[in-house]
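A.B. asks: One structure, pasted below without further comment.
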Amino acid sequence: MSDVFFETDFGKIFHGDSLQILSEHVSEHSVDLIMTSPPFGLVRKKDYGNVDADEYIDWFREFGKLFKRILKEDGSLVIDIGGSWVKGQPTRSLYHFKLLIMLCDELGFHLAQEFYWWNPSKLPTPAEWVTVRRIRVKDAVNCIWWLSPSPYPKASNRRVLQPYSDSMKDLLQNGYTAKKRPSGHDISEKFSINNQAAIPPNLIALPNTESNSYYLRYCAKHSIKPHPARFPAGLPEFFIRMLTDKGDLVVDPFAGSCVTGQVAEKLKRNWICVDTVGEYLQGALGRFENENFKTKGPQEEVYYRIPRPGSLWGDVEDEEPLPSDGGRTRPPKRERKEQTSSKVSGEHKNRVSNPPVVQYRMFEKPNTEYGDNG
Ligand SMILES: C[S@@+](CC[C@H](N)C(=O)[O-])C[C@H]1O[C@@H](n2cnc3c(N)ncnc32)[C@H](O)[C@@H]1O
């Protein structure tokens with residue numbers, strides 16, 4: 001019996017457990033890129049069976065072995081994984097770091113590079129630690145582990161260049177005097193050559209604020225619950241462009257609403273998506289209807305302006321004392337209110353930088369239902 005749920009020019013969606021499906025349908029060393037966001041080891045589970053942080057490594061091991069088997073020697077495994085909190089305590093789980101160590105130390109993957117996906121629309125959670133007791137800050141990045149069977153996976157950063165920042169444009173226009181940095185690093189004249197674009201850092205700034213897409217309208221029209229933990233298309237697109245050529249094979253073993261398949265189709269890569277939940281795949285069909293997946297052309301240029309730490313910091317004499325119990329007890333309600341409407345003195349108000357210019361975004365309005373993934 002075939003488990004193929006849907007087929008396009010370039011790809012196939014399978015309904016079932018990817019351990020079984022990929023073992024049966026994908027040959028050894030045939031895959032160029034596994035691009036995926038597995039269920040995270042969450043304290044507060046979503047409704048598709050996240051595994052406890054404690055059991056996560058054992059659960060993932062068999063997938064890791066399978067991924068190693070089906071990947072080409074110069075292929076890549078890219079895992080988008082969010083951190084998690086220890087239950088009832090303001091400390092972080094180490095599960096995603098343990099996963100990385102297991103994949104490298106036990107299964108022999110190389111860490112080609114770690115990336116951080118900054119989602120400007122992340123909500124300030126867990127509220128208890130972040131907004132009530134105010135003893136932790138907002139967790140706004142997911143880790144992305146880029147792993148490879150060999151230390152030299154196929155890759156080129158030329159595929160994912162980005163526009164120069166204003167300061168770099170200024171430098172290119174007005175020149176730069178070659179000199180040593182305080183670190184001792186020699187900044188040579190080469191930095192004033194205009195290459196028309198900049199090499200991106202390993203920090204990817206992408207909001208997760210989809211609210212009016214064809215996919216969502218398709219789900220609404222067919223009374224399908226949209227996938228609750230989708231990643232934005234820009235994320236798989238970055239890695240598919242950087243790590244594969246046209247005609248290569250891209251696999252997403254935890255495909256959800258098949259964002260990876262949609263992007264791979266658009267970029268003319270062959271692809272396979274697998275998920276255990278039929279309803280998510282029903283929704284995914286909307287991504288392949290009416291040529292809706294075709295390239296839109298270059299995206300608008302959007303920059304984020306992140307305040308440098310310090311613009312609101314005041315005189316040490318005005319500092320509020322830290323909670324002496326490390327936040328073990330909740331502050332009384334009245335105090336909490338005062339803390340929320342944080343005092344910003346006149347002097348500090350003036351130090352807040354100018355309002356953002358049009359093409360800059362300080363933050364994205366969180367979409368409370370879909371602003372998170374994993
Ligand atoms: C974080 S979600 C992926 C979301 C996806 N990146 C998107 O943007 O729509 C993880 C998915 O893994 C699926 N899943 C969990 N265990 C699986 C398994 N053994 N085989 C296939 N899919 C699985 C879940 O049903 C869930 O949809």
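A.B. asks: Grab the beta carbon distance between residue 279 and residue 316, set R0 = 56 Å, and tell me the FRET efficiency rounded to 0.05.
C.D. replies: So the FRET efficiency works out to roughly 0.50.
A.B. asks: I would also like to ask the following. Given H placed 1.01 Å from N in the peptide plane, which residues other than close sequence neighbours of residue 205 have an amide H under 5 Å from its amide H?
C.D. replies: Amide H neighbours of residue 205, under 5 Å, 5+ apart: 118.
A.B. asks: Here is a further query. Which shape class, rounded, prolate or oblate, goes with region 73-171 when its Cα gyration tensor gives a ≥ b ≥ c as root eigenvalues, a/c under 1.5 marks rounded, and past that a/b bigger than b/c marks prolate?
C.D. replies: Cα axes put region 73-171 in the oblate bin.
A.B. asks: For residue 305, what residues show an amide H to amide H distance below 5 Å, using hydrogens built from the backbone and excluding near sequence neighbours?
C.D. replies: Answer set, sorted by chain and number: 361, 362.
A.B. asks: Could you put 273, 143, 104 in order, starting from the residue whose Cβ has the fewest other Cβ atoms within 10 Å?
C.D. replies: The fewest-first ordering by Cβ neighbours comes to 104, 143, 273.
A.B. asks: Another question, then. Rounded to whole Hz and in sequence order, give me ³J(HN,Hα) for region 215-224 from the Karplus expression 6.51 cos²θ - 1.76 cosθ + 1.60, θ = phi - 60°, writing x for Gly and Pro.
C.D. replies: 4, 5, 5, 4, 4, 4, 4, 9, 6, 9
A.B. asks: Report, in debye and to the nearest 20, how large the dipole of region 219-329 comes out about its Cα centre when Lys and Arg carry +1 and Asp and Glu carry -1 on their Cβ.
C.D. replies: The calculation lands at about 860 debye.
A.B. asks: Would you pull out the residues with amide H under 5 Å of residue 11's amide H, same chain only if 5 or more places away, H placed 1.01 Å from N?
C.D. replies: Hits under the 5 Å cutoff: 271.
A.B. asks: In what order do 172, 281 fall by count of nearby beta-carbon atoms within 10 Å, going from fewest to most?
C.D. replies: Neighbour counts put them in this order, fewest first: 172, 281.
Where a number appears in this text, it was derived from the coordinates with a stated rule and is not lab data. This one's a predicted model, so the numbers in the text were calculated from it and none came from an experiment. All Cβ positions, glycine included, derive from the backbone under ideal geometry; neighbour counts span all protein chains shown.
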